[in-house]
1. Against the longest principal axis of the chain, how steep is helix 275-300, in degrees 0 to 90 to the nearest 10, with axes from Cα atoms?
2. With a probe of 1.4 Å, find how much accessible area the stretch 233-336 has per residue, and write the answer as a whole number in Å².
3. Please list the non-local residues whose amide H lies under 5 Å from the amide H of G343, H modeled 1.01 Å from N, same-chain partners needing a gap of 5 or more.
4. Using +1 at the C-beta of Lys and Arg and -1 at the C-beta of Asp and Glu, which of A73, G107, N34 has the Cα lying farthest in the positive direction of the dipole of the stretch 8-211?
5. Sorted by packing (mean other beta-carbon atoms within 10 Å per residue), highest first, where do 130-142, 98-110 land?
6. Sequence neighbours fewer than 8 away in the same chain don't count; with that in mind, list the aspartates and glutamates whose C-alpha is under 12 Å from K8.
7. Which lysines does K326 reach when only Cα atoms under 22 Å apart count, and residues fewer than 8 places away in its own chain are ignored?
8. Please go through the stretch 184-231 and write out the GluC sites (Glu not before Pro) that DSSP classes as loop and that have at most 12 other C-beta atoms within 10 Å.
Amino acid sequence: MEVIVMDKQQFLDEYKAVFNENGKDVFFSPGRINVIGEHTDYNGGHVFPCAISIGTYGVYGPREDSTVAVYSANSAKEENSKIITFDINDDQPQTAADEKWVNYFKGMLVYLKQRNYKIDHGFNLYIHGYLPYGSGLSSSASIEMLMGNILKDEFNLDIDEVELVKLGQKTENDFVGLNSGIMDQFAVGMGKKNNAIFLDCNTLEYKYLPLELGDYEILIMSTNKTHSLAGSKYNERVEECGEAVKRLSKKLNINKLGEIDPQTFDQYTYLINDDTLLRRARHAVSENERTKRAIDAMEKGDLEELGRLINASHVSLKYDYEVTGKELDTLAESAWEQPGCLGARMVGGGFAGSAIAIVKKAAAEDFKKNVGKVYRDKIGYDASFYDAEVVDGPHKL
Ligand code: ADP
Ligand code: MG
């Protein structure tokens, strides 16, 4: 499926229809997928994500007063069509249920101002996103980094992208209330065309690796289901891993599960003494190891090994971390059966959302048809398939 995007002039026209004046600039911020390394970021492990061409557009227009006025074409569809306004000096989250989406934008503004970046007049913002909410492709990081980069550009802020990435995570954690790691914002903010980012979430050391897949491509498979409990379950996993660290640190000097290798973990599992916590921690440790092995495989050009690691990642997310669910399992497990598929797994927080598959280009059409049919028969509605183009991070059009 191809996502049809409006052109720059159409976004400016939409801005004008909403705000009754001309907009100044149009910006784009991508979504992301993650090749491997799931639920490892807040555990201080490694991840291997990349930015994708499906993302969010924003049109900016300056104002002379101190009002910020935000309108989202997407939220307008889901809730009531309205412009939400606040003062640039207001540092409290929006609390009305139908205004909570504004907090992703407002948090970025608040945290930049708290760090003394000069934002001294109001503005209008028109938002149009192509990432379905909760689809595992990180619409939230897409809008945080969109906002950060618009403010950086329009107010000439002297801030580097990694700092904006950290403010994006802080917005998500402290302004919105999801205890997520840094992967999503990093993948979006630091995106590089045709490259994935091997990131150590403990040290923030990173390197780009070209996603050279030869005769293969990455397909995105969407369950077309979002999970309303995903946020609370996510925070529950964060807590479970924290508890496992607490128990392990009776004998091991660690702050995060990403600091231990599987051999060491194995020697100290007796300290955990709880089946659920043991499985959660085992996922975090083994997934971190798989991610490092996946980088070795990529560097050697061993795509089959990469595929096996991707499959093992899904299995671990299903049985040890228990964040998949029948929709994601159906997609991954039916993908594994298809000729020309090297590997498939869920991406993002889980419970619903999307999965990816590495598929031979020549086999892609049959793959979509076959997996699509299994999914429809078993789940009762259609999955969607997208070709992932790997792109640069946020920029002005
Ligand atoms: P994900 O990041 O996986 O898509 P999240 O639950 O983290 O899912 O973020 C989705 C939330 O982000 C939405 O419920 C909404 O509040 C906000 N959001 C994302 N994109 C937009 C948009 N284009 N306009 C307004 N709000 C958006
Ligand atoms: Mg998100």
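The values are calculated or read from the model by the stated rules, or taken from the named source; none is laboratory data. In this text the structure is predicted, and so the values were computed from the model without any measurement. Quick reminder, even Gly has a Cβ in these numbers, built from the backbone with ideal geometry, and neighbours come from all protein chains shown. These area figures cover heavy atoms from the full protein model, side chains too; ligands, DNA and RNA do not enter into them. Shrake-Rupley method; radii C 1.70, N 1.55, O 1.52, S 1.80 Å.
1. Tilt of helix 275-300: around 80 degrees.
2. On the way: 4820 Å² over 104 residues.
So the stretch 233-336 comes to 46 Å² accessible per residue, rounded to a whole number.
3. I358
4. It is N34, whose Cα lies furthest towards the positive end.
5. Details: 130-142: 24.9, 98-110: 21.9.
Output ranking for 130-142, 98-110: 130-142, 98-110.
6. Straight-line reach from K8, under 12 Å: D25.
7. In chain and number order, the partners are K225, K233, K318, K368, K369, K373, K378.
8. Working: sites: E205, E212, E217; in loops: E205, E212.
Sites meeting the loop and neighbour criteria: E205, E212.
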